[in-house]
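Just below is one structure, and these are the notes that go with it.
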Amino acid sequence: MFLAPAAAILGIALLYPIGYMIYASFLDWNPSQRIGEADWVGMRNYLKLLHDEAFWESTWVTIRFASIVVTLEMILGVGLAMLLDRNLRGMSILRTIFILPMMIAPIVVGLMWRYMYHPQVGIFNRTLKSLGFDPIPFLSESNWAFASVIISDVWQWTPFIFILSLAALQSLPKSAIEASRIDGASGWQQVLHIKLPLMLPVLIVTVLLRLIDAFKVLEVILVMTNGGPGLSTEVLALHISRTASEFRELGEAAAMSNVLLFLLMLLTICMFGYTKLQEKRSLHLRQAAKEEV
Amino acid sequence: MPKIELINLQKSYGAVSIIDGLDLTMEDGEFTVFVGPSGCGKSTTLRMIAGLEAISGGEIRIDGRVVNRLEPKDRDLALVFQDYALYPHMNVAKNMSFALRLARYEKSKINSRVNEVAEMLGLTEYLNRKPAELSGGQRQRVAMGRALVRDASTFLFDEPLSNLDAKLRAQMRAELALMSRRIQKNMIYVTHDQVEAMTLGDRIVVMKSGKIMQVGSPEELYRSPANLFVAGFIGSPTMNFLKAELSEEGGQIFVTGRGFSLPLPAKCKPRLSSHNGRTVMIGLRPSSFSVGEGEGSIELPIILSEYIGAQSVLLSEMGGQKITIEVSSEAPIPSGAPMNFVVESEGIHVFDSDTEKAL
């Protein structure tokens with residue numbers, strides 16, 4: 001009885017849209033039709049995806065983008081947290097400044113970086129020019145464009161990993177770290193042998209959260225490159241949005257969304273699986289300890 | 001095994017002074033216990049010796065070398081923490097061998113060292129377990145094992161037994177005493193428990209508010225406390241304190257209070273005759289009383305009688321103040337009726353009521 005409201009909300013807010021999307025992926029549906037008027041085409045949309053090179057290209061771009069940004073963000077975020085985990089004067093202000101990028105709307109981030117990358121008036125090329133170097137085609141050459149969107153994403157999302165790692169670091173048992181100092185561990189050895197292993201559970205969840213987010217990235221890239229040049233920065237979310245709005249293929253777009261959803265679901269299951277495993281292990285440990293007493 | 005010297009050691013956080021000019025020398029191979037109520041600065045002192053806490057003034061010397069700015073790892077000491085501070089992600093063997101692995105010892109040497117210490121502490125069958133799979137007492141042993149494997153010259157203990165239950169604590173205390181006799185190293189031990197201090201220490205340092213109150217062997221502290229604080233802190237049940245006046249009569253010194261007058265031993269005379277007529281504090285150990293009648297015996301009411309077996313602890317009143325008396329008892333002593341007691345004159349401590357120092 002008590003579950004009824006929750007079940008109702010779950011049904012309306014979650015299952016209905018997903019069911020709608022799955023249903024739509026079996027239709028040949030364009031935006032001028034009502035959903036009832038669309039033709040049922042069975043698996044045709046999915047089969048078409050199998051042979052759609054643009055789709056596979058954008059999937060590959062997405063996977064590359066997500067793995068590179070998350071790797072870079074983890075290294076930078078955890079590194080910064082290690083550096084700033086100390087009580088110096090003004091550290092709290094510095095920490096606040098560090099997490100500012102995360103609070104800016106993605107559209108604004110995209111506009112800001114597009115302006116900075118601008119071939120003539122952008123700060124980067126102006127600086128290069130004043131130093132006597134050739135300008136760099138930040139957004140007009142495939143490899144540079146890919147690197148440019150990666151840089152902007154790293155700029156915006158490193159703070160997320162930074163604050164989570166900092167929280168993890170500060171909740172580590174102080175005495176274990178002191179014990180390692182007495183045992184002769186240098187700063188690096190403390191990080192490698194004590195801090196990182198103890199932070200691992202938090203770091204794994206952080207990676208998965210960021211991966212899920214990175215797979216769905218849209219606005220910044222839409223504003224900066226709109227997927228170009230060519231398909232070099234066309235991530236899945238962007239490809240889906242163009243399929244729906246430019247090519248007017250709602251059924252196909254729905255099918256692609258389902259593939260993306262499936263990918264993300266795999267990641268989420270990995271995450272839940274990991275936490276389940278942890279819980280099981282700690283339960284087992286506690287029982288073993290109890291039997292001992 | 002080095003000598004450790006603290007010279008005018010100071011610690012303050014901002015304007016708040018925690019340790020206020022400590023001077024102490026800990027000799028080679030000595031078991032020193034720092035004891036005092038919480039907040040007296042004993043743990044801070046230990047952490048400064050270990051190098052975990054920066055010092056605000058003065059010097060720490062190990063073997064004549066000033067170590068003020070030396071990293072903990074360069075001071076050649078091992079520390080057992082109050083909460084054990086085991087590495088939760090490593091099993092017992094890894095926990096114990098961590099320092100040796102960092103120092104890049106040969107694998108065979110590490111194994112033999114770990115096995116040797118594990119055997120000594122009865123940990124052999126737990127070597128593959130993680131700390132979470134161990135009971136409190138076992139974790140405590142692993143923490144000691146980790147210190148022992150290192151073979152450091154000085155062992156520091158920061159209230160290592162305070163997280164254990166009473167029975168286990170007594171057992172670990174005995175094991176610790178045996179261990180310290182076997183390995184013959186410098187030991188510095190911090191505790192708030194005077195029983196631990198008395199049973200373990202060769203030398204006890206009693207601290208209060210960042211100052212040393214008295215340094216001495218357990219017997220010295222018990223027999224001749226230097227001040228009221230030490231007298232009240234050491235010994236269980238605690239010493240009774242009463243106001244009294246010194247007087248001399250027929251060549252003998254007496255302490256006289258409300259309803260009692262007790263003679264002091266003749267050897268006190270040279271020390272005390274100059275204080276004749278002054279009001280002082282006297283301290284009487286509960287065990288200085290014995291049941292019996294005779295010269296100088298006093299009659300005291302028995303308000304409450306607690307029979308503990310070999311002893312009875314009696315609550316009584318003397319000089320208008322509640323006092324405790326501890327007597328050996330074959331049979332329970334009934335409360336209500338007054339009894340006669342003889343006070344052992346050797347057991348009367350006299351303190352200046354202003355400076356609180358022993359006279």
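The values are calculated or read from the model by the stated rules, or taken from the named source; none is laboratory data. All values reported here derive from a predicted model rather than from experimental measurement. Methodologically, a virtual Cβ is constructed for each residue, glycine included, from the backbone with ideal geometry; neighbour enumeration extends over all protein chains shown.
A few notes on this one:
- Selected residue (only one of A:G77, A:G11, A:G42 is assigned to a helix (DSSP H, G or I) and surrounded by fewer than 15 Cβ atoms within 10 Å (Cβ to Cβ)): A:G11
- Residue-level analysis places B:Q138 among those that are more than 30 Å from B:I18 (Cβ to Cβ), modelled with pLDDT under 90 and not hydrophobic (A, V, I, L, M, F, W, C).
Rundown of residues vs (1) closer than 30 Å to A:N143 by Cβ; (2) outside any helix (DSSP H, G or I); (3) touching a His at 6+ places or on another chain (Cβ under 7 Å), yes/no style:
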| residue | (1), (2), (3) |
| --- | --- |
| A:G228 | yes, yes, no |
| A:R242 | yes, no, no |
| A:F247 | yes, yes, no |
| A:E252 | yes, no, no |
| A:V259 | yes, no, no |
| A:L267 | yes, no, no |
| A:Y274 | no, no, no |
| A:L277 | no, no, no |
| A:R281 | no, no, no |
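- Within the range B:310-352, the set of residues being in a strand (DSSP E or B) and either in contact with a Phe, Trp or Tyr (Cβ under 7 Å, 6 or more places away or on another chain) or of a type in the set (K, R) (or both) comprises B:M318, B:K322, B:I325, B:V327, B:F341, B:V343.
- Within the range B:262-305, the set of residues being among the small types (G, A, S) and closer than 25 Å to B:M339 by Cβ comprises B:G283, B:S287, B:S288, B:S290, B:G292, B:G294, B:G296, B:S297, B:S305.
- Some residue of the range A:183-191 being more than 24 Å from B:R150 (Cα to Cα) and surrounded by fewer than 21 Cβ atoms within 10 Å (Cβ to Cβ): no
- Answer from B:D63, B:D23, B:D83 - the residue that is in contact (Cβ under 8 Å) with a residue 60 or more places away in the chain and touching a helix residue (DSSP H, G or I) at 6+ places or on another chain (Cβ under 6 Å): B:D83
Residue-by-condition table, conditions (1) of a type in the set (S, T, Y); (2) crowded, with 16+ Cβ neighbours inside 10 Å; (3) over 22 Å from B:L242 (Cα atoms):
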{"residue": "B:E295", "(1), (2), (3)": "no, no, no"}
{"residue": "B:I303", "(1), (2), (3)": "no, no, no"}
{"residue": "B:Q311", "(1), (2), (3)": "no, no, yes"}
{"residue": "B:E317", "(1), (2), (3)": "no, no, no"}
{"residue": "B:I323", "(1), (2), (3)": "no, yes, no"}
{"residue": "B:S329", "(1), (2), (3)": "yes, yes, yes"}
{"residue": "B:I333", "(1), (2), (3)": "no, yes, yes"}
{"residue": "B:E346", "(1), (2), (3)": "no, no, no"}
{"residue": "B:H349", "(1), (2), (3)": "no, yes, no"}
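- Set B:N186, B:N163: member being within 30 Å of B:S12 (Cβ to Cβ) and modelled with pLDDT under 85: B:N163
- Residue list for the range B:123-151, filter: more than 9 Å from chain A (Cβ to nearest Cβ) and either part of a loop (DSSP other than H, G, I, E, B) or charged (D, E, K, R) (or both): B:L123, B:E125, B:L127, B:N128, B:R139, B:R141, B:D151
- Flag if A:I204 is in contact (Cβ under 8 Å) with a residue 60 or more places away in the chain and surrounded by fewer than 17 Cβ atoms within 10 Å (Cβ to Cβ): yes
- Contacts under 7 angstrom Cβ, first residue in the range A:58-79 being within 17 Å of A:L222 (Cα to Cα), partner among the polar types (S, T, N, Q), 6 or more apart: A:V61/A:T233
Residue-wise test of (1) within 14 Å of chain A (Cβ to nearest Cβ); (2) surrounded by 14 or more Cβ atoms within 10 Å (Cβ to Cβ); (3) touching a strand residue (DSSP E or B) at 6+ places or on another chain (Cβ under 8 Å).
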| residue | (1), (2), (3) |
| --- | --- |
| B:K42 | no, yes, yes |
| B:A50 | yes, yes, yes |
| B:G58 | no, yes, yes |
| B:R75 | yes, yes, yes |
| B:A85 | yes, yes, no |
| B:A103 | yes, no, no |
| B:S112 | no, no, no |
